[in-house]
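The values are calculated or read from the model by the stated rules, or taken from the named source; none is laboratory data. Owing to the predicted nature of the structure, the values given are computational and were not obtained by experimental measurement. Don't worry about glycine lacking a Cβ; one is built from the backbone with ideal geometry, like all the others, and counts go over all protein chains shown.
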Amino acid sequence: MNYLLGLIVLLIKIAVMLGGLLLVASYLVWLERKLLARLQIRLGPNRAGIFGLLQPIADAIKLLTKEEIVPTAADGFIFRLAPAVVAVTAMMMFAVVPLGPDIRLFGRSVPMVITDLNVGLLFVFALSSLGVYGVALGGWASNSKFALLGGIRGAAQMISYELALGLSLVPVVMLAGSFSLTAIVDAQSGVPFIVLQPVSFAIFVISAMAESKRIPFDLPEAENELGAGFHTEYSGMRFGLFFLGEYVHIQVLGALTAVFFLGGWHGPWLPPVVWLMLKIFIVALIMIWIRGTLPRLRYDQLMALGWKVLIPVSLINIVVTGAFIQFAGFS
Amino acid sequence: MQPIDAHALLSPWQPGMLSLTLYGVVVIALTLAILFLSRWLGRHQPNDEKLRVYESGIIPTGQARLRYPVPFFMVAIFFLIFDVEGAYIFSWAVASRPLGWAGWLQIEFFIGVLIAGLIYVWVKGGLEWGPKRD
């Protein structure tokens with residue numbers, strides 16, 4: 001009986017989490033279109049509902065009822081698999097993000113996180129590396145030159161940035177002394193790590209932007225060079241899954257930035273979940289703003305930035321932080 | 001804090017393996033449901049023109065199973081090397097406090113070698129992507 005109750009609570013937790021994730025993803029699309037339009041002195045979506053608020057629903061219906069095309073030349077199985085890989089890995093990453101402190105329910109404590117892995121940070125890295133397969137395989141399986149170029153670029157870009165992304169989080173792990181995201185948030189109950197690690201924060205945000213394949217790092221898509229890059233051949237809901245994956249990924253990046261550097265759900269006055277959502281929202285807003293402001297980098301500039309700037313700087317940052325921790329010996 | 005024993009690992013009240021597995025199953029089921037729904041609701045009227053690969057209006061010539069340019073392989077190999085070394089740094093980072101100065105000195109030597117390797121690759125031109133300027 002107790003087990004069953006726990007199972008029901010768990011299922012409700014998962015449903016609320018995933019529902020929220022997808023709802024926010026669809027409204028992030030609306031927000032992005034609206035804000036981007038204002039930045040470009042346009043109106044943006046304004047036909048479906050007031051302020052175009054029903055636009056995401058209209059989009060979902062349109063994508064669902066569209067014809068799905070698999071080119072004859074494409075590798076059918078991998079072509080169908082690739083968008084699912086992108087969407088599933090993006091959603092899975094959210095499993096380790098703590099939404100708040102444990103709450104009491106039916107006289108038992110219910111953790112506000114799906115799973116508190118003691119290697120949570122490595123879990124996130126593993127999934128974000130797997131997500132690259134979606135891009136690379138989708139580009140390759142399409143059997144179109146533009147898609148192939150997009151896919152190769154995606155793979156090369158990701159592997160250049162993942163190093164900087166990983167190394168920028170080493171100081172966070174050193175300060176928290178754990179890979180568990182819950183422990184990392186707990187370690188920031190006093191001072192958020194952005195204050196202690198501004199360099200790490202900058203490297204993390206830049207490489208996370210590259211990881212999310214958005215302007216100024218959207219070379220795998222690069223509309224004006226490659227058609228639509230790796231998803232040129234995709235239509236209907238398969239394209240929709242790539243799209244969904246991208247916007248869930250924005251939320252994941254917002255959540256990870258919040259967890260690693262902005263103190264997670266810690267904050268005064270407001271309830272913890274609200275604080276976390278606020279931080280995710282601010283990060284997403286800044287990413288949209290950057291998209292509306294910056295041009296796309298050239299390919300060699302991108303690789304040079306990753307290998308020649310971010311990786312050496314993050315390595316030196318690790319050494320300095322290590323010495324500082326030993327020297328101060330704090331907490 | 002960490003669920004270690006088998007009972008806690010499978011308890012739905014603990015943030016352990018059971019909840020992760022269940023979450024994974026729900027996520028995959030959701031994705032499959034979306035794909036099934038779109039297959040069910042979408043129309044199917046294929047024709048030769050529609051099923052041809054889109055290359056901006058030009059009839060594609062040959063396959064797109066091209067050989068990857070060498071620099072991409074090089075980056076992949078660098079990544080592999082540096083990523084494995086990154087894993088060592090991580091395993092030190094999580095225990096940096098108990099290991100003390102001795103651990104720090106050792107990892108600093110390791111990172112020094114890593115930076116030397118990066119400089120070597122750099123000098124050899126492994127990181128040059130742009131058009132050659134000579």
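Please determine whether any residue of the range B:15-22 is at pLDDT 80 or above, surrounded by 15 or more Cβ atoms within 10 Å (Cβ to Cβ), farther than 17 Å from A:V119 by Cα and under 25 Å from the mean Cα position of the chain (by Cα).
Looking for residues that are at pLDDT 80 or above, surrounded by 15 or more Cβ atoms within 10 Å (Cβ to Cβ), farther than 17 Å from A:V119 by Cα and under 25 Å from the mean Cα position of the chain (by Cα), one finds at least one in the range B:15-22, hence yes.
Condition check ((1) outside any helix (DSSP H, G or I); (2) surrounded by fewer than 24 Cβ atoms within 10 Å (Cβ to Cβ); (3) not hydrophobic (A, V, I, L, M, F, W, C)) across all residues:
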residue	(1), (2), (3)
A:A82	no, no, no
A:S109	yes, yes, yes
A:I114	yes, no, no
A:V124	no, no, no
A:S129	no, yes, yes
A:V135	no, no, no
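Could you grab me the full set of residues in the range A:39-85 that are in contact (Cβ under 8 Å) with a residue 40 or more places away in the chain and basic (K, R)?
Within the range A:39-85, A:K66, A:R80 qualify.
For A:L7, all conditions in the list (1) more than 8 Å from chain B (Cβ to nearest Cβ); (2) farther than 28 Å from A:L130 by Cα hold save one; what is the number of the exception?
Among (1) more than 8 Å from chain B (Cβ to nearest Cβ); (2) farther than 28 Å from A:L130 by Cα, the lone unmet condition for A:L7 is (1).
Go through the range B:81-134 and report how many residues are part of a helix (DSSP H, G or I), farther than 15 Å from A:T321 by Cβ, among the hydrophobic types (A, V, I, L, M, F, W, C) and within 9 Å of chain A (Cβ to nearest Cβ).
Qualifying residue count for the region: 8.
Is there any pair with a first residue in the range A:102-121 that is under 20 Å from B:V27 (Cβ atoms) and more than 7 Å from every other protein chain (Cβ to nearest Cβ) and a second that is surrounded by fewer than 22 Cβ atoms within 10 Å (Cβ to Cβ) and acidic (D, E) whose Cβ atoms are under 9 Å apart and which are 6 or more apart or on different chains, and what are they?
Correct list of pairs: A:M112/A:D102.
Taking the residues in the range A:282-331 that are over 25 Å from A:A155 (Cβ atoms) and among the aromatic types (F, W, Y) as candidates, determine which candidate is farthest from the other protein chains (Cβ to nearest Cβ).
Per the stated criteria, the residue is A:W289.
Restricting the first residue to the range A:247-273 and requiring it to be surrounded by fewer than 24 Cβ atoms within 10 Å (Cβ to Cβ) and among the β-branched types (V, I, T), which pairs with a second residue that is modelled with pLDDT of 85 or more and outside any helix (DSSP H, G or I) meet a Cβ separation below 8 Å and a spacing of at least six or different chains?
Cβ pairs passing all conditions: A:V273/A:L99.
Does any residue of the range A:165-174 turn out to be touching a Pro at 6+ places or on another chain (Cβ under 9 Å), buried (at least 20 other Cβ atoms within 10 Å of the Cβ) and either more than 11 Å from chain B (Cβ to nearest Cβ) or farther than 15 Å from A:V259 by Cβ (or both)?
Within the range A:165-174, none of the residues are touching a Pro at 6+ places or on another chain (Cβ under 9 Å), buried (at least 20 other Cβ atoms within 10 Å of the Cβ) and either more than 11 Å from chain B (Cβ to nearest Cβ) or farther than 15 Å from A:V259 by Cβ (or both).
Give the range A:72-85 a look and list any residue that's facing chain B (nearest Cβ under 10 Å) and within 23 Å of the chain's Cα centre (by Cα), or say none.
A:R80, A:P83, A:A84, A:V85
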